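The values are calculated or read from the model by the stated rules, or taken from the named source; none is laboratory data. Treat the numbers as computed from the prediction; the structure is a model and nothing was measured. Every residue, glycine among them, receives a Cβ derived from its backbone with ideal geometry; neighbour counts consider all protein chains shown. Ligands, DNA and RNA are stripped out before the accessible areas are found, and what is left, the full protein with its side chains, is counted by its heavy atoms. Shrake-Rupley method; radii C 1.70, N 1.55, O 1.52, S 1.80 Å.
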Amino acid sequence: METATVPVSHIGRGNRPPDGEGSLQVQLDPAIKIGTAKVFAVYGKGGIGKSTTSSNLSVAFSKMGKRVLQIGCDPKHDSTFTLTKKLMPTVIDALEAVNFHAEELRVEDFCYTGYNGVMCVEAGGPPAGTGCGGYVVGQTVKLLKEHHLLEDTDVVIFDVLGDVVCGGFAAPLQHADRALIVTANDFDSIFAMNRIVQAIGAKSKNYNVRLGGVIVNRSDATDQVDKFNAVCGLKTMAHFPMLDEIRKSRLMKATLFELEATPAVKAVQDEYMRLAAALWIGGEPLPAIPMKDRDIFDLLGFD
C-alpha cells in the first residue's frame, strides 16, 4: 500500500517494531525501494563538510563511469550547489507549487543535472517547528521511483542534515546499504559520530543499512579519531587535510575536480577517487559498538 501524498505536517506511522528502545522514528513505505543502486548515507556533525564530501564523492563516482544521484536532505538545500552552481528548488517547493498533487510534477521540476552528469535533488525540509524530515525523504524517494529515475542509477548518495537527533533525519538509513560518517579530529565531531553509530545500530535492527566507515575531514592529524575507532570497531576509509583550497572551492561554487590540479589539490582528488573505488567494490560492514558519553570524555580528555 502506498503512502498518501499529504502536507508535511500530516505523518502516519507504520507497523514495524521500534528501531531501538523508546523509539518514535518515522517509518517509510516498505514498498518504495530504491532498487539495484548502491546507496550511501553521509552523516556527521553540522558544519563538518558533509556536502563538500558528498559532492566530490559523487563526482569521483561519475568519473568512474557511474550514473550518480545525490539527494540533499537539509532544509537549507545547499548540498548540490557546487555541482549545479546555484541553490536549486526543493522537492517540497515543487510539491507545494502543485498543492501536493505529485502526479502533476515533471522530472525537471525537482531533478537537475550537475557537473559531470551527476543528477541532483534537494529534498528540502518542512517549515521550522512543523512536520518531519522523514516524510520529506519518503516523498522524495517516491517521486524518483515514480519517474523511473532510480532504474538508471548506479550510485545514490544521501547527504543528511547534521547529527542524528530524531527519527526523521535518520530516515535515509532505511534506504541505505552503507552509512558513512564524516568527522574531524576533535571531541565535538567524535561525540556526534558516537551518536550516529547509535542511530545506525538502531536502524540496522529492521533495515539493511550497516556502517561503512569513517571519513576524516579538515584534519591534519587523526590521533583522536584513531583512538575512538580502535575502541568502537570503526575504520577510517579516507582522510582529507585542513586544506584552504577545499574551503575556497565551496565559495567558488565548484567541486575540487574543477580546480587547478596543484599537487595538494591533486592529492585530494586522488583520495576521493580511491574512496569511490573502495566503496564501489564494497567490504564487510563494521559491527561498531558506541561508547557511553562519559567514556568518550575519559578516552579523549587530558588529565
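If you go through the stretch 291-303, how many residues are part of a helix (DSSP H, G or I) and either closer than 16 Å to ALA238 by Cβ or open to solvent by 40 Å² or more (accessible area, probe 1.4 Å) (or both)?
So the answer is 6.
I'm checking my understanding of the structure. Among residues of the stretch 88-99 that are touching a residue at least 12 places away in the same chain (Cβ under 8 Å) and over 15 Å from VAL156 (Cβ atoms), which one is farthest from the chain's Cα centre (by Cα)?
Among residues in the stretch 88-99 that are touching a residue at least 12 places away in the same chain (Cβ under 8 Å) and over 15 Å from VAL156 (Cβ atoms), the one farthest from the chain's Cα centre (by Cα) is ALA97.
Return the residue satisfying two criteria in turn: it lies in the stretch 40-67 and is open to solvent by 10 Å² or more (accessible area, probe 1.4 Å) and in a helix (DSSP H, G or I), and of such residues it is farthest from THR90 (Cα to Cα).
For the stretch 40-67, the residue satisfying everything is LYS63.
Can we say THR113 is more than 28 Å from TYR207 (Cβ to Cβ) and either open to solvent by less than 20 Å² (accessible area, probe 1.4 Å) or in contact with a strand residue (DSSP E or B) (Cβ under 8 Å, 6 or more places away or on another chain) (or both)?
Taking the combined requirement at face value, the residue satisfies it.
So, of the residues in the stretch 213-226 that are within 12 Å of THR183 (Cβ to Cβ) and open to solvent by 50 Å² or more (accessible area, probe 1.4 Å), which turns out to be modelled with the highest pLDDT?
ASP226
Listed here are the residues, each with its yes/no results for (1) free of Cβ contacts under 8 Å to residues at least 12 places away in the same chain; (2) open to solvent by 60 Å² or more (accessible area, probe 1.4 Å); (3) in a helix (DSSP H, G or I); (4) within 22 Å of GLY282 (Cβ to Cβ).
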position: MET237; (1), (2), (3), (4): no, no, no, yes
position: ARG247; (1), (2), (3), (4): yes, yes, yes, no
position: ALA254; (1), (2), (3), (4): no, no, no, no
position: VAL265; (1), (2), (3), (4): no, no, yes, no
position: ASP270; (1), (2), (3), (4): yes, yes, yes, yes
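Is it the case that the stretch 120-143 has a residue that's open to solvent by 40 Å² or more (accessible area, probe 1.4 Å), closer than 18 Å to ALA199 by Cα and more than 13 Å from the chain's Cα centre (by Cα)?
no
When you check GLU260 against the structure, is it open to solvent by 60 Å² or more (accessible area, probe 1.4 Å), outside any helix (DSSP H, G or I) and either at positive phi or at pLDDT below 90 (or both), yes or no?
no
Could you pull out the residue among ARG210, ARG195, ARG178 that is in contact with a Gly (Cβ under 6 Å, 6 or more places away or on another chain) and of a type in the set (D, E, K, R)?
Answer to the check: ARG178.
Starting from residues that are in a loop (DSSP other than H, G, I, E, B) and touching a strand residue (DSSP E or B) at 6+ places or on another chain (Cβ under 7 Å), keep the ones in the stretch 272-290 and report whichever is most open to solvent (accessible area, probe 1.4 Å).
Restricting to residues being in a loop (DSSP other than H, G, I, E, B) and touching a strand residue (DSSP E or B) at 6+ places or on another chain (Cβ under 7 Å), the top hit is PRO285.
One residue is enough: does the stretch 152-159 have a residue meeting the conditions part of a loop (DSSP other than H, G, I, E, B), open to solvent by 20 Å² or more (accessible area, probe 1.4 Å) and either touching a helix residue (DSSP H, G or I) at 6+ places or on another chain (Cβ under 6 Å) or modelled with pLDDT of 80 or more (or both)?
Within the stretch 152-159 (the criterion being part of a loop (DSSP other than H, G, I, E, B), open to solvent by 20 Å² or more (accessible area, probe 1.4 Å) and either touching a helix residue (DSSP H, G or I) at 6+ places or on another chain (Cβ under 6 Å) or modelled with pLDDT of 80 or more (or both)), the answer is yes, since at least one residue qualifies.
Can you run down the residue pairs with Cβ atoms below 7 Å, 6 or more apart or on separate chains, where the first is in the stretch 187-205 and under 10 Å from GLY44 (Cα atoms) and the partner is buried (at least 18 other Cβ atoms within 10 Å of the Cβ) and of a type in the set (S, T, N, Q)?
SER189/THR183; ILE190/THR183; ILE190/GLN224; MET193/THR183
If only one of VAL68, VAL107 is under 16 Å from the mean Cα position of the chain (by Cα) and in contact (Cβ under 8 Å) with a residue 12 or more places away in the chain, which one is it?
Every option except VAL68 fails the conditions.
For residues that are among the charged types (D, E, K, R) and outside any strand (DSSP E or B), scanning just the stretch 168-212, find the one that is least open to solvent (accessible area, probe 1.4 Å).
LYS203
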